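Visitor: The structure is given below, and queries will be raised subsequently.
The values are calculated or read from the model by the stated rules, or taken from the named source; none is laboratory data. As the structure is a computational prediction, the values presented were derived from the model and not from experiment. Using ideal geometry, Cβ is built from the backbone for each residue, glycine included, and neighbour counts are taken over all protein chains shown.
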Amino acid sequence: MSKILIIAEHDGQTLNPSTAKTVACAAEIDGATIDVVVLAESPGDVAAQAAKLDSVARVLAVENVANTNALAAVIAPQVVALADEYTHVFGPSTTFGKDLMPRIAALIGVNQISDIMSVHGSHTFKRPIYAGNVVLTVEAPADLPVIATVRIASYQSVGSSNSADIEGVSCTAELPSHTRYVGLQAGSSDRPDLQSAAKVVSGGRALGSAENFDIIYALADKLGAGVGASRAAVDAGYVPNEMQVGQTGKIIAPDLYLAIGISGAIQHLTGIKDAGTIVAINKDSEAPIFEVADIGLVGDLFKLVPELTESLG
Amino acid sequence: MDKILVGLKRVVDYNVRVRVKSDGTGVETDGVKMSINPFDEIALEEALRIKERGEASEVIVVSIGREDAQQQLRTGLAMGADRAILVQTDQTTDALGRARALLEIVNRESPGLVILGKQAIDDDNSQTGPMLAALWERPQATFASKLELNGDTARVTREVDVGLETIDIDLPAVITTDLRLNEPRYVKLPDIMKAKKKPLDVIPFGDLGVEASPPLVEASFEPPAEREKGIMVDDVAGLITALKNKGLL
């Protein structure tokens with residue numbers, strides 16, 4: 001019988017959608033009991049949101065001023081103190097989870113399973129390696145805790161019609177003071193969040209400059225879409241790295257993905273392969289992006305993209 | 001600070017399109033170009049810049065793997081590292097095993113900083129840095145895009161999903177690198193010659209006395225599912241029609 005603890009990702013007020021997707025992965029394990037732990041300065045609001053998630057049995061609220069900002073070195077020992085009761089501890093494969101979960105795994109003394117994309121038993125999972133060129137089936141030891149991150153692009157959020165019990169719990173773990181939060185410079189965007197947006201428009205190196213990215217923003221705003229970019233566009237300095245989609249950036253699964261002036265290097269394709277519909281606009285008809293695109297249009301993006309934006313009225 | 005330790009992993013080159021072996025037992029690596037994991041090159045570049053600013057006196061590169069990882073260590077020496085350590089094993093190692101082995105090297109060398117890549121582009125695990133920091137009971141600053149040293153502390157800018165986060169950490173600590181921390185230098189031919197004379201110590205993995213970690217069984221390897229072939233449209237009107245047909249507009 002699997003007992004799974006999921007570490008909630010949040011910003012102090014709002015539960016990140018990655019948590020509902022991590023729950024969806026855990027719920028694929030037969031007969032699992034799923035608890036979510038919210039570690040925060042004041043966990044009430046976030047815990048209430050987590051309690052609504054379907055399949056969740058209990059929400060554990062850990063209130064501590066040390067949890068005001070999520071620091072892996074501070075959160076990990078608290079999770080380890082709670083983990084005794086559980087067969088599995090899951091977190092999202094976001095920068096939050098990638099920072100935190102290996103620290104937990106090492107303290108427990110097990111390897112971590114990174115980026116679960118599907119569940120094939122309580123201890124057997126599939127995960128992508130080599131930028132998604134290879135799918136590995138991996139089996140964790142049956143008698144040890146399974147510590148894992150979940151590839152959130154592989155899962156749809158669970159529903160939110162639940163009302164799980166919320167319990168305040170205290171952790172007696174000794175917390176380090178060697179790591180101190182200074183601040184966050186958030187990307188100044190009113191657009192939908194790249195990782196949870198239903199529609200995403202991405203631009204590549206062919207845009208040629210930061211200014212030229214304006215046509216991507218204009219199209220995205222018309223569609224109500226988030227904006228992404230290829231690594232080449234990030235490397236060229238057209239856009240900040242938090243917009244990068246691909247192996248070394250964000251792995252996303254929008255319903256609609258428009259790749260504009262993106263050739264489609266394998267490292268980029270791994271970031272979008274779970275998208276519902278991929279549209280490619282590129283002047284090179286031989287570009288690899290057309291091998292994965294559901295709808296392809298060959299031509300000059302500087303003409304086609306404004307025309308598309310205009311046509312959407 | 002005295003020493004900086006940098007991890008270099010030998011991986012299939014970034015530009016190689018890997019293939020699964022026909023019997024599904026692994027990935028074809030025979031005759032495939034091997035390189036330093038790109039994030040580890042960034043780690044080494046950062047260490048070299050710190051040393052060149054006079055904020056460290058020695059840069060040590062370490063790799064864990066087979067004898068042929070010496071090639072990547074030599075490249076690291078040619079980039080400017082002072083000496084190299086190969087923790088040699090013919091066995092496949094896992095992330096926890098590597099972190100435990102690195103901890104042994106850390107205990108022997110007492111570096112002020114350990115800089116590692118945020119992930120290796122072969123297993124895409126993204127585990128070793130935080131694991132080493134946990135075992136060492138020291139701070140970690142993952143996904144670093146800016147690193148400033150201030151005596152006994154460092155201020156690190158981290159590339160997180162929502163933007164740029166800044167943290168202060170006490171040293172010693174583990175840093176993992178993101179793409180934009182720096183652009184690694186190219187190796188020049190005379191430096192390759194010089195690198196041949198720099199010290200490269202080989203330590204058998206078994207001599208470190210590392211506790212065996214409970215292994216994950218790699219049961220099978222397979223290629224990913226292919227997407228179905230799509231359609232081409234001639235113009236913007238065709239694109240809009242196709243999107244409407246799919247209910248996306």
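Visitor: Go through (1) facing another protein chain (nearest Cβ under 8 Å); (2) closer than 27 Å to A:A76 by Cα; (3) assigned to a strand (DSSP E or B) for B:V156 and report which single condition fails.
Guide: The number of the failed condition is (1).
Visitor: Need the failing condition index for B:N107 against (1) touching a residue at least 12 places away in the same chain (Cβ under 8 Å); (2) more than 7 Å from every other protein chain (Cβ to nearest Cβ), just the number.
Guide: B:N107 satisfies every listed condition except (1).
Visitor: Identify, please: which residue in the stretch B:1-23 is more than 19 Å from B:P223 (Cβ to Cβ), in a loop (DSSP other than H, G, I, E, B) and over 15 Å from the mean Cα position of the chain (by Cα) and is, among those, modelled with the highest pLDDT?
Guide: So the residue we want is B:D2.
Visitor: Do any helices (runs of 4 or more DSSP H) entirely within the stretch A:25-133 hold 1 or more residues that are within 14 Å of chain B (Cβ to nearest Cβ), and if so, which?
Guide: Because the criterion is at least 1 residues that are within 14 Å of chain B (Cβ to nearest Cβ), the helices (runs of 4 or more DSSP H) in the stretch A:25-133 that meet it are A:72-83, A:95-108.
Visitor: Considering only the stretch B:194-221, how many residues are assigned to a strand (DSSP E or B), aliphatic (A, V, I, L, M) and over 17 Å from B:L96 (Cβ atoms)?
Guide: 4
Visitor: Among the residues of the stretch B:211-220, are any surrounded by 12 or more Cβ atoms within 10 Å (Cβ to Cβ), more than 7 Å from chain A (Cβ to nearest Cβ) and among the charged types (D, E, K, R)?
Guide: Looking for residues that are surrounded by 12 or more Cβ atoms within 10 Å (Cβ to Cβ), more than 7 Å from chain A (Cβ to nearest Cβ) and among the charged types (D, E, K, R), one finds none in the stretch B:211-220, hence no.
Visitor: Among the residues of the stretch A:27-38 satisfying the criterion of being farther than 10 Å from A:V56 by Cα and out of contact with any helix residue (DSSP H, G or I) (no Cβ under 8 Å at 6 or more places or on another chain), which is surrounded by the fewest Cβ atoms within 10 Å (Cβ to Cβ)?
Guide: Step by step, filter the stretch A:27-38, then rank; the result is A:G31.
Visitor: Could we say that B:V61 is under 16 Å from B:A195 (Cα atoms), more than 14 Å from chain A (Cβ to nearest Cβ) and crowded, with 21+ Cβ neighbours inside 10 Å here?
Guide: In short, yes.
Visitor: Looking only at the stretch A:250-271, which residues are surrounded by fewer than 22 Cβ atoms within 10 Å (Cβ to Cβ), hydrophobic (A, V, I, L, M, F, W, C) and either on the phi > 0 side of the Ramachandran plot or at the interface with another protein chain (Cβ under 9 Å from one of its Cβ atoms) (or both)?
Guide: The one that is surrounded by fewer than 22 Cβ atoms within 10 Å (Cβ to Cβ), hydrophobic (A, V, I, L, M, F, W, C) and either on the phi > 0 side of the Ramachandran plot or at the interface with another protein chain (Cβ under 9 Å from one of its Cβ atoms) (or both): A:I266.
To keep it simple, each residue is scored yes or no on (1) outside any helix (DSSP H, G or I); (2) at pLDDT 95 or above.
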| position | (1), (2) |
| --- | --- |
| B:N107 | no, yes |
| B:G129 | no, yes |
| B:L132 | no, yes |
| B:A141 | yes, yes |
| B:T166 | yes, yes |
| B:V174 | yes, yes |
| B:V187 | yes, no |
| B:I192 | no, no |
